[in-house]
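A quick write-up on the structure given underneath.
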Amino acid sequence: LIRFFESSSQAFLNQIIVPKIELAKELLHEGQSHLFSHWAEPGVDDEKKKNFFDQVALLNTNYPGGLATYIQNARRLLADSKSGKNPFEGFTPSVPSGEVLNFGDDNFVMLEKDGVKEARKAAFVLVAGGLGERLGYKGIKVALPCETTTGTCFLQHYIECILALQEASCKLSRDICHAEIPFVIMTSDDTHIPTLHLLESHSYFGMKPGQVKLLKQEKVACLDDNDARIASDPNDKYKIQTKPHGHGDVHALLYNSGLLNEWLDAGLKWVLFFQDTNGLLFKAIPASLGVSATKGYHVNSLAVPRKAKEAIGGITKLTHEDGRTMVINVEYNQLDPLLRANGHIDGDINCETGYSPFPGNINQLILELGPYIEELKKTHGAIAEFVNPKYKDSSKTSFKSSTRLECMMQDYPKTLPSTARVGFTVMDAWLAYAPVKNNPEDAAKVPKGNPFHSATSGEMAIYRANNLILRKTQKFYLNLELFFFFKAGVHISDPATAVFNNQEVEVWPRIVWKPKWAITFSDVKEKVKERCSVSQRSAMVINGKNIYMEELSLDGALIVNAMNEAEVKLTGSIPNKGWVLKVIDYKDSSHPEESRIRGFVIEKLEQLELNYNEPGKFYPQS
Ligand code: UGB
């Protein structure tokens with residue numbers, strides 16, 4: 001290294017040495033001299049050497065505390081891993097208590113209203129830097145359709161939900177409201193350009209471009225051995241091999257972006273974090289934000305009942321020997337051994353409810369902005385890390401392939417003082433959680449009774465939730481004058497079962513609505529009047545704000561598109577051949593990948609399509 005510095009041209013040295021010499025020294029001090037041992041003669045490969053230092057500088061600035069801290073942390077965690085140290089040493093797990101909500105009851109409706117009120121003081125953060133190796137889809141996951149009846153992709157759906165919340169929240173506020181809910185997307189080298197392209201090519205799906213900010217997470221250096229020797233890229237010795245650091249990076253990125261203080265100055269109070277492929281999530285957002293607001297939670301994690309051993313983390317109360325307690329996610333691969341080590345001989349098993357007593361973390365976090373900023377001032381966004389090396393043998397002295405430190409966004413509460421108000425909210429899984437994570441082959445191997453978490457189940461879950469919500473609008477009441485029972489709401493036929501990509505799923509009527517039609521249960525109830533019915537083979541798309549149903553009987557396919565100023569009341573009987581789901585083979589490459597991972601395509605035989613592009617009141621079937 002010294003020879004390189006001595007014999008390079010002065011101009012070149014000025015360019016790189018002045019800012020980088022300290023970094024080089026730090027690397028040598030941290031036992032990384034091997035990174036320079038194969039360098040070519042001075043004067044050869046100068047450009048590559050410069051690029052090397054650029055990469056080192058980037059790795060240094062992107063890690064809280066810099067590269068030297070990264071190496072020191074890695075050495076410590078690798079030593080712990082080698083010695084088999086229990087990460088939960090001194091802690092006893094127990095079942096925590098949290099808010100359990102029942103969809104549609106008075107409490108739920110009230111919390112939804114509170115949440116909508118608060119929404120204009122919220123910012124949304126989507127972590128979308130993962131490539132989704134488990135899903136094996138070639139594109140970015142947010143570009144996948146969440147359902148194929150409308151073909152709306154996840155990103156469009158999320159943006160439309162945020163815009164609908166923004167409008168609904170402003171409507172509820174007594175002040176003049178120009179709120180534009182900020183939307184941040186964390187991307188990575190793998191997802192940044194396609195995410196930007198998706199937004200730009202669709203005019204940001206109706207959101208103002210300035211409302212959306214992309215923050216790109218950088219990868220971290222890979223490590224070759226237990227001494228945390230940094231790995232060179234196998235294809236380029238002047239490059240350091242890097243891998244993703246995990247979704248926990250979002251906190252440091254937000255801290256460094258300056259956005260948090262901007263939001264605080266603008267009067268915002270909440271930051272909501274969410275993941276890339278959960279088409280149900282926004283059905284749970286208003287009520288859970290309502291819980292945060294009414295309970296004054298600094299941290300509120302959304303959870304659903306979880307089947308034992310299901311591949312989602314379990315929310316657990318950990319009590320330390322010294323009295324400290326915390327309510328935290330314990331990752332799915334750690335929960336079972338933790339329970340066994342603490343006297344639960346069967347580990348993670350279902351209890352009498354048919355579910356694990358530990359609620360499943362769906363990684364949707366609601367943080368109160370003020371306390372969040374105070375905490376990040378202390379930590380700079382650094383999150384407790386872990387390392388997961390794949391050892392060659394039981395001596396644990398060498399790795400099968402390089403490893404790196406990782407971190408998870410839900411570990412944020414680990415550094416909080418015991419006085420912090422950390423809670424969680426449990427919702428029905430049918431309402432809140434249906435991620436698309438597993439490829440068809442792995443999904444088909446999921447133990448019977450556990451959710452598939454595939455593109456097939458993710459889509460079917462959206463139909464199921466919409467139908468169950470509509471069913472909840474049903475009520476019978478007695479008209480005393482006529483002494484007659486009336487039936488309000490929508491009667492929905494029972495689902496059929498079908499097998500797609502070797503996964504048996506319930507097929508409900510394919511009913512989809514835009515978030516501007518309804519973002520809460522109260523919105524749905526307002527739009528659905530007397531005695532409606534929808535048969536199992538039906539499909540319905542509601543694309544308009546002021547579309548109402550009264551005495552509608554649908555047995556086929558109905559698509560309604562209406563501008564905001566058009567008020568449409570759907571009534572009468574609509575029978576047609578409709579749309580059918582046609583089974584396709586996962587391996588049949590004549591179909592696009594988006595269809596193959598579902599195992600079906602929609603065959604559109606016949607439909608009624610109604611379009612309203614003029615303001616006015618319309619009663620198409622009366
Ligand atoms: N992500 C990033 O943005 N950057 C990264 O470096 C990595 C991921 P996965 P995972 O919902 O069932 C989580 O891979 O990490 C984004 C919780 O830890 O889908 O295996 C990525 O784009 C777990 O407790 O999930 O497991 C995606 O949006 C449980 O809640 C998100 O991070 C589980 O999700 C999650 O990445 C779940």
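Scanning the range 84-123 for residues that are more than 16 Å from the ligand (Cβ to nearest atom) and assigned to a loop (DSSP other than H, G, I, E, B) yields a total of 14. Among the residues making up the range 574-593, those that are open to solvent by 60 Å² or more (accessible area, probe 1.4 Å) and outside any loop (DSSP other than H, G, I, E, B) are P575, K582, V583. The set of residues from the range 311-333 being more than 16 Å from the ligand (Cβ to nearest atom) and small (G, A, S) comprises just one member, G323.
Against the condition in contact (Cβ under 8 Å) with a residue 24 or more places away in the chain and more than 12 Å from the ligand (Cβ to nearest atom), how does N363 come out, does it pass?
On the way: in contact (Cβ under 8 Å) with a residue 24 or more places away in the chain: yes; more than 12 Å from the ligand (Cβ to nearest atom): no.
Against the criterion (in contact (Cβ under 8 Å) with a residue 24 or more places away in the chain and more than 12 Å from the ligand (Cβ to nearest atom)), N363 does not qualify.
Looking across the range 541-570, the residues that are of a type in the set (A, V, I, L, M, F, W, C) and either open to solvent by 50 Å² or more (accessible area, probe 1.4 Å) or out of contact with any helix residue (DSSP H, G or I) (no Cβ under 9 Å at 6 or more places or on another chain) (or both) come down to V541, L552, L554, A557, L558, I559, V560, A562, M563, A566, V568, L570.
If you go through the range 306-329 and pick out every residue that is farther than 23 Å from N350 by Cα and among the charged types (D, E, K, R), you end up with 3.
For the range 344-367, what are the residues that are in contact with an Asp or Glu (Cβ under 8 Å, 6 or more places away or on another chain) and either among the hydroxyl-bearing types (S, T, Y) or part of a loop (DSSP other than H, G, I, E, B) (or both)?
G347, D348, S356
Looking across A303, A293, A308, one residue alone is away from the ligand (no atom under 13 Å from the Cβ), of a type in the set (G, A, S), open to solvent by less than 40 Å² (accessible area, probe 1.4 Å) and not in a helix (DSSP H, G or I). It is A308. If you filter the range 594-622 down to residues that are more than 15 Å from V560 (Cα to Cα) and among the aliphatic types (A, V, I, L, M), you find that the one that is most open to solvent (accessible area, probe 1.4 Å) is L605. Return the residue satisfying two criteria in turn: it lies in the range 431-446 and is within 16 Å of the ligand (Cβ to nearest atom) and not in a loop (DSSP other than H, G, I, E, B), and of such residues it is most open to solvent (accessible area, probe 1.4 Å). Looking at residues that are within 16 Å of the ligand (Cβ to nearest atom) and not in a loop (DSSP other than H, G, I, E, B), I get D442. Filtering the range 580-595 to residues that are over 20 Å from W508 (Cβ atoms) and touching a residue at least 60 places away in the same chain (Cβ under 8 Å) leaves Y586, E593, E594.
On the stretch given as the range 242-275, residues that are within 16 Å of the ligand (Cβ to nearest atom) and in contact with a Ser or Thr (Cβ under 7 Å, 6 or more places away or on another chain) total 1.
Quick check, is P451 in contact (Cβ under 8 Å) with a residue 60 or more places away in the chain, part of a loop (DSSP other than H, G, I, E, B) and crowded, with 20+ Cβ neighbours inside 10 Å?
Numbers: in contact (Cβ under 8 Å) with a residue 60 or more places away in the chain: yes; part of a loop (DSSP other than H, G, I, E, B): yes; crowded, with 20+ Cβ neighbours inside 10 Å: yes.
It is true that P451 is in contact (Cβ under 8 Å) with a residue 60 or more places away in the chain, part of a loop (DSSP other than H, G, I, E, B) and crowded, with 20+ Cβ neighbours inside 10 Å.
Looking at D336, D348, just one residue is within 22 Å of D428 (Cβ to Cβ) and either open to solvent by less than 60 Å² (accessible area, probe 1.4 Å) or away from the ligand (no atom under 14 Å from the Cβ) (or both), and that residue is D348. Only a single criterion out of (1) open to solvent by less than 60 Å² (accessible area, probe 1.4 Å); (2) in contact (Cβ under 8 Å) with a residue 40 or more places away in the chain; (3) more than 16 Å from the ligand (Cβ to nearest atom); (4) hydroxyl-bearing (S, T, Y) is not satisfied by Y391, namely (2). Restricting D46, D54, D105, D114 to those that are open to solvent by 30 Å² or more (accessible area, probe 1.4 Å), acidic (D, E) and in contact (Cβ under 8 Å) with a residue 40 or more places away in the chain reduces the list to D114. Here W579 passes the criteria (1) at pLDDT below 95; (2) farther than 19 Å from G489 by Cα except the one numbered (1). For the range 540-559, the set of residues classified as part of a strand (DSSP E or B) and more than 32 Å from the chain's Cα centre (by Cα) consists of M549, E550, E551, L552, S553, L554, D555, listed by residue number.
Identify the residue in the range 479-510 that is among the charged types (D, E, K, R) and either touching a Leu at 6+ places or on another chain (Cβ under 7 Å) or over 23 Å from A444 (Cβ atoms) (or both) and, among all such residues, is modelled with the highest pLDDT.
Within the range 479-510, the subset among the charged types (D, E, K, R) is 481, 487, 494, 504, 506, 510.
Those left that are additionally either touching a Leu at 6+ places or on another chain (Cβ under 7 Å) or over 23 Å from A444 (Cβ atoms) (or both): 481, 487, 494.
On the way: E481: 64, K487: 64, D494: 96.
It comes out as D494.
Identification of helices (runs of 4 or more DSSP H) wholly contained in the range 168-287 with 3 or more residues that are of a type outside the set (G, A, S) and crowded, with 21+ Cβ neighbours inside 10 Å yields 249-257. Listed by first and then second residue, the pairs with beta-carbon distance under 8 Å, at least 6 apart or on different chains, first residue in the range 522-539 and β-branched (V, I, T) and part of a helix (DSSP H, G or I), second modelled with pLDDT of 95 or more and buried (at least 19 other Cβ atoms within 10 Å of the Cβ), are V524/I469; V524/L470; V524/A518.
Checking L155, L126, L135 one by one, the residue that is within 17 Å of the chain's Cα centre (by Cα) and assigned to a loop (DSSP other than H, G, I, E, B) is L135 and no other. Among the residues of the range 8-59, those that are aliphatic (A, V, I, L, M) and at pLDDT 90 or above comprise L27, L28, L35, V56, A57, L58, L59.
The values are calculated or read from the model by the stated rules, or taken from the named source; none is laboratory data. What you see is a predicted model, and the numbers here were worked out from it, not measured in a lab. Virtual Cβ from ideal backbone geometry, glycine too; neighbours counted across all protein chains shown. Each accessible area value is taken on the protein alone, full model and side chains, heavy atoms only, with ligands, DNA and RNA left out. Shrake-Rupley method; radii C 1.70, N 1.55, O 1.52, S 1.80 Å.
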